[in-house]
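Q: Sharing a structure with you now.
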Amino acid sequence: MSGKMMSAVPGSQAYVDWIDSLLDDPRHGWSIGSFGAVGEFIRDPGEPLVREATEHARSLCTPRAAIRVRTDVASRILAYDTLAGDGMSWGHALAFCMPRNANLAYPDTIVSLGVDLGAVRAEDRDAWLFDLGVSVGHVRFCLRTHDARLRDHLLGAQNRKLFGPDGRTLMEETLRAQPHRVLLSPLGRIEVFAAIPPADGESPDGPHTHLLPALIKSGRTHDANAPIPAGFQPVLMFNPRSPWRDGMGRRVPFDADLDRDFLRLLDCYGLPEEARIRSSIESAIESGVQPLAFTWPRTRRGRAVARLTLRRIVQRRPSELALEWRAQHDRAEME
């Protein structure tokens with residue numbers, strides 16, 4: 001995660017170089033979607049990879065998935081930490097956001113989009129693309145298929161809801177035909193070729209999608225714990241590897257370099273109010289302030305940022321006072 005030229009304007013060479021640096025690092029992943037309907041692009045370090053660079057986009061393609069990122073579209077970029085529930089660790093996130101548009105409302109039913117002329121691979125550009133009507137705002141969750149039977153079934157299901165009375169039959173056809181899943185947004189697309197597991201199966205390692213009806217029905221664009229500014233929607237997510245986890249999500253010793261890399265993004269793209277919380281806690285501990293003498297943040301997100309800050313301080317510069325702060329303010333039962 002290079003920290004160079006991170007504030008460059010979309011379309012500039014500096015911005016393109018930065019996006020290239022993010023895409024080139026296989027430790028990290030990407031995702032597009034709304035709450036409950038998400039596609040993730042992940043790749044292994046030694047996995048076969050095809051790169052494509054055009055004037056306004058960068059694409060990567062593996063045997064399991066593909067991603068295209070537009071480099072000419074402006075967005076509000078937001079970096080933030082995520083609080084883990086294990087009482088010790090944390091994660092990282094970088095959201096590319098766009099303003100919500102009240103006049104933009106894709107159908108909430110199945111709709112044919114014709115053939116997918118925008119597919120990353122040429123071999124997929126004559127396949128049929130169908131919006132499932134489950135996403136919110138700027139993004140669309142689609143199926144893409146060459147299978148005539150599934151195509152005809154989806155054509156017959158147009159203007160019906162995915163989770164309606166015919167949903168079970170459609171799911172059976174989908175599992176049989178194993179179509180690609182395609183997530184579309186103004187900043188690009190993610191295409192997942194990997195197999196869809198059965199309803200009682202587990203998501204495969206690597207690139208995959210999630211369709212979770214209970215979350216989709218909430219109509220939200222993102223998890224309520226993400227500090228996305230009001231009126232904005234994340235349309236592309238860069239998912240840096242946690243300094244506490246490997247690519248499979250297994251706990252590993254803390255990687256200080258990964259965390260340090262993300263701190264550069266946080267300094268550049270973090271919310272000012274969160275930076276003030278981090279700074280005030282660091283200054284208080286350095287000045288010897290006792291934990292009960294500090295005015296703790298009043299908002300849920302503010303408290304999460306404060307707890308994250310304590311964890312980072314204890315991990316990087318442990319002291320008896322910092323441990324006292326954590327014992328007082330960072331307990332699992334608090335939130």
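The values are calculated or read from the model by the stated rules, or taken from the named source; none is laboratory data. None of these values were measured; they are calculated from a predicted model. Cβ sites come from the backbone with ideal geometry, for glycine too, and all protein chains shown count toward neighbours.
Q: So which residues in the stretch 26-61 are assigned to a strand (DSSP E or B) and either under 21 Å from residue 258 (Cα atoms) or charged (D, E, K, R) (or both)?
A: Once the filter is applied, which keeps residues that are assigned to a strand (DSSP E or B) and either under 21 Å from residue 258 (Cα atoms) or charged (D, E, K, R) (or both), the stretch 26-61 yields 29, 30, 31, 40, 41, 51, 52, 58.
Q: Here's something else I'd like to know. Answer with yes or no whether residue 182 is more than 30 Å from residue 303 (Cα to Cα) and buried (at least 20 other Cβ atoms within 10 Å of the Cβ).
A: It is true that residue 182 is more than 30 Å from residue 303 (Cα to Cα) and buried (at least 20 other Cβ atoms within 10 Å of the Cβ).
Q: Is it true that residue 274 is modelled with pLDDT of 95 or more and surrounded by fewer than 17 Cβ atoms within 10 Å (Cβ to Cβ)?
A: For residue 274, the condition - modelled with pLDDT of 95 or more and surrounded by fewer than 17 Cβ atoms within 10 Å (Cβ to Cβ) - is not met.
Q: If I filter the stretch 149-172 for residues that are buried (at least 20 other Cβ atoms within 10 Å of the Cβ), touching a residue at least 24 places away in the same chain (Cβ under 8 Å), closer than 29 Å to residue 10 by Cβ and not aromatic (Phe, Trp, Tyr), do I get at least one hit?
A: no
Q: With respect to the numbered conditions (1) loosely packed, with under 13 Cβ neighbours inside 10 Å; (2) within 30 Å of residue 315 (Cβ to Cβ), which one is the sole condition not fulfilled by residue 201?
A: Condition (2) is where residue 201 drops out.
Q: Go through (1) within 26 Å of residue 213 (Cβ to Cβ); (2) in the same structural domain as residue 244 (by TED's automatic domain parsing); (3) not in a loop (DSSP other than H, G, I, E, B) for residue 129 and report which single condition fails.
A: (2)
Q: Would you check which residues across the stretch 292-317 are under 24 Å from residue 229 (Cβ atoms) and either touching a residue at least 24 places away in the same chain (Cβ under 8 Å) or in contact with a Leu (Cβ under 7 Å, 6 or more places away or on another chain) (or both) and list them?
A: Correct list: 296, 300, 301, 302, 303, 304, 305, 306, 307, 308, 309, 312.
Yes/no per residue for (1) surrounded by 15 or more Cβ atoms within 10 Å (Cβ to Cβ); (2) over 30 Å from residue 212 (Cα atoms):
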{"site": "21", "(1), (2)": "yes, yes"}
{"site": "28", "(1), (2)": "yes, no"}
{"site": "41", "(1), (2)": "yes, no"}
{"site": "46", "(1), (2)": "no, yes"}
{"site": "52", "(1), (2)": "no, yes"}
{"site": "56", "(1), (2)": "no, yes"}
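Q: Shifting gears a bit: Mind listing whichever residues of the stretch 204-224 are part of a loop (DSSP other than H, G, I, E, B) and either of a type outside the set (Gly, Ala, Ser) or surrounded by fewer than 18 Cβ atoms within 10 Å (Cβ to Cβ) (or both)?
A: Of everything in the stretch 204-224, those that are part of a loop (DSSP other than H, G, I, E, B) and either of a type outside the set (Gly, Ala, Ser) or surrounded by fewer than 18 Cβ atoms within 10 Å (Cβ to Cβ) (or both) turn out to be 204, 205, 207, 212, 217, 218, 219, 220, 221, 222, 223, 224.
Q: Mind checking which residues of the stretch 267-289 are of a type in the set (S, T, N, Q) and over 14 Å from residue 310 (Cβ atoms)?
A: 287
Q: Shifting gears a bit: Residues to consider are 246, 330, 255, 259; find the one that is assigned by TED's automatic domain parsing to the domain that holds residue 42, among the acidic types (Asp, Glu) and surrounded by 17 or more Cβ atoms within 10 Å (Cβ to Cβ).
A: 259
Q: Test residue 229 against the stated conditions and say whether it is of a type outside the set (Phe, Trp, Tyr), touching a helix residue (DSSP H, G or I) at 6+ places or on another chain (Cβ under 6 Å) and over 19 Å from residue 140 (Cα atoms).
A: Spelling it out, it is not the case that residue 229 is of a type outside the set (Phe, Trp, Tyr), touching a helix residue (DSSP H, G or I) at 6+ places or on another chain (Cβ under 6 Å) and over 19 Å from residue 140 (Cα atoms).
Q: Still on this model: Mind listing just one residue for me: the one in the stretch 74-123 that is at pLDDT 95 or above, in a loop (DSSP other than H, G, I, E, B) and charged (D, E, K, R) and, of those, farthest from residue 183 (Cα to Cα)?
A: Per the stated criteria, the residue is 121.
Q: Those residues that are among the β-branched types (Val, Ile, Thr) and either modelled with pLDDT of 95 or more or under 16 Å from residue 167 (Cβ atoms) (or both), I need them from the stretch 124-142; list them, please.
A: 134, 139
Q: Just to be sure before I move on: is residue 290 farther than 11 Å from residue 83 by Cβ and touching an Asp or Glu at 6+ places or on another chain (Cβ under 8 Å) in the structure I sent?
A: Considered against the rule, which asks whether it is farther than 11 Å from residue 83 by Cβ and touching an Asp or Glu at 6+ places or on another chain (Cβ under 8 Å), residue 290 comes out as yes.
Q: Out of curiosity, is residue 48 without any contact (Cβ under 8 Å) to a residue 40 or more places away in the chain and in the same structural domain as residue 94 (by TED's automatic domain parsing)?
A: When the stated conditions are applied, residue 48 passes them.
Every residue, every condition in (1) free of Cβ contacts under 8 Å to residues at least 40 places away in the same chain; (2) within 15 Å of residue 192 (Cα to Cα); (3) not β-branched (Val, Ile, Thr), yes or no:
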site: 94; (1), (2), (3): no, no, yes
site: 98; (1), (2), (3): no, no, yes
site: 110; (1), (2), (3): no, no, no
site: 127; (1), (2), (3): no, yes, yes
site: 136; (1), (2), (3): no, no, no
